[in-house]
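Worksheet: one structure, shown below.
The values are calculated or read from the model by the stated rules, or taken from the named source; none is laboratory data. Everything quoted here is computed from the prediction, not taken from an experiment. Glycine also receives a Cβ, built like all others from the backbone with ideal geometry; neighbour counts cover every protein chain displayed. For accessibility, only protein heavy atoms count, side chains too; no ligands or nucleic acids. Shrake-Rupley method; radii C 1.70, N 1.55, O 1.52, S 1.80 Å.
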Amino acid sequence: GRNRSKLRVVQADQRLEAREFATPDVIERLKVEAEGVVGCGLGDGTLHDLGTLGGSQGGPAAINERGQIVGWALTKTGETHAFLWQKGRMSDLGTLGGELSFGRAVNESGQVVGESYTASNKSHAFLWQKGKRSDLGTLGHGRSAAEAINDLGQVIGFVETGAEDGDG
């Protein structure tokens, strides 16, 4: 049958689990767990549909102690965009001009990092804070992606520095 792929959050014994319902390997890859999340409307022990950005599927990547969740979701036009879910609402974080972006991490201040494609189809690390997205660049080569951010706003990730893919 058809894969169901709605983003959902379940609470049991003070542990949250966000998952996409699809194949078992996708479910395992998209698990997100946190302890003691309070005040995000998930404490009633029932399943909560986080929704999408108008498309048919999405996937979580991270959750902070405030209950903010980041990841990716399809838009109604079929593009993949990073999202921030908070206070019962999913917000589209957009892209750096391309058709794809992925939210990877969120800190306690609500700063989001991830990877986004530019209009020239290059993958760049991004930082989203206070409603604004910033391109973190690539050191002049290849591609980059941000993987984590701490509460001081320090970002880690990777940059490809070789010219193997013709990005020179």
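Would you please put 148-157, 62-71 in order of how densely packed they are, using the mean number of other Cβ atoms within 10 angstrom per residue and starting with the highest?
Details: 148-157: 13.9, 62-71: 21.9.
Ranking the peptides 148-157, 62-71 by packing returns 62-71, 148-157.
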With label points set 7 Å from each Cα along the Cα-to-Cβ direction at Ser120 and Ser134, the distance between them in nm comes to 2.2 nm
Interchain or long-range residues, amide H under 5 Å from Glu147's placed H:
Ile156, Gly157, Phe158
For the residue pair Val159 and Asp49, what label-to-label distance in nm results when each label sits 7 Å from Cα along the Cα-to-beta-carbon direction?
4.3 nm
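If you rank Phe158, Phe126 by how much accessible surface each has, with a 1.4 Å probe, what is the order from largest down? Before the final figure, lay out each step's value.
Details: Phe158 75, Phe126 0 Å².
The ordering from most to least exposed comes out as Phe158, Phe126.
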